[in-house]
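Working notes for the structure below.
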Amino acid sequence: MSTQEPTFSEVVKNRYSARAFLPSPIPSDILKDILLEAQCAPSNCNTQPWTLHIVAGDKLRELSHALTEDLRAGNYSLDFTFDKEAYP
C-alpha cells in the first residue's frame, strides 16, 4: 500500500488551531496516546524544554481559581514582548 505524503502547502492550508474546547474530560487512554505522540514533536535544536503537569477535578478548580485571582491582581509577566501600537 502506497500513501503520498501531503505537500507543505496542503499542511499549511489544512492546519487548525483550536480556540475553544468541550467541557468533557479526555479519556485517560486517549490522553496517554496523545502525550506519547507529542514526544515526537520538534523543538528548537532538540532542546525539548517542556514540562508537563496534568490536573483534574478539585486540583484543576483550585489551579484555575488561583490563576484567575493572580491575573485580576496583575501578578503575571508576559513570555514575550507585545507591541500594542502594532494593533488597532
**OP:** Check whether at least one residue in region 33-42 is in a loop (DSSP other than H, G, I, E, B), in contact with a helix residue (DSSP H, G or I) (Cβ under 9 Å, 6 or more places away or on another chain) and modelled with pLDDT under 95, and report yes or no.
**Re:** no
Original post:
If you go through region 60-71 one residue at a time, do you hit one that is modelled with pLDDT of 90 or more, in contact with a Phe, Trp or Tyr (Cβ under 9 Å, 6 or more places away or on another chain) and among the hydrophobic types (A, V, I, L, M, F, W, C)?
Top reply: yes
Original post:
Which condition breaks for residue 25 when tested against (1) over 18 Å from the mean Cα position of the chain (by Cα); (2) touching a residue at least 24 places away in the same chain (Cβ under 8 Å)?
Top reply: (1)
**OP:** For region 50-79, name all the residues that are within 25 Å of residue 26 (Cβ to Cβ), of a type in the set (A, V, I, L, M) and outside any helix (DSSP H, G or I).
**Re:** 52, 54, 55, 56
Original post:
Out of (1) of a type in the set (A, V, I, L, M); (2) over 18 Å from residue 60 (Cβ atoms); (3) in contact (Cβ under 8 Å) with a residue 12 or more places away in the chain, the odd one out for residue 12 is which?
Top reply: (3)
Subject >> Leading residue by the ranking (farthest from residue 23 (Cα to Cα)) among those in region 34-71 that are surrounded by fewer than 10 Cβ atoms within 10 Å (Cβ to Cβ) and hydroxyl-bearing (Ser, Thr, Tyr) >> reply: 47
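The values are calculated or read from the model by the stated rules, or taken from the named source; none is laboratory data. Note that the structure is predicted; figures quoted are calculated from it, not measured. With ideal geometry, Cβ positions are generated from the backbone for all residues, glycine too; neighbour counts draw on all protein chains shown.
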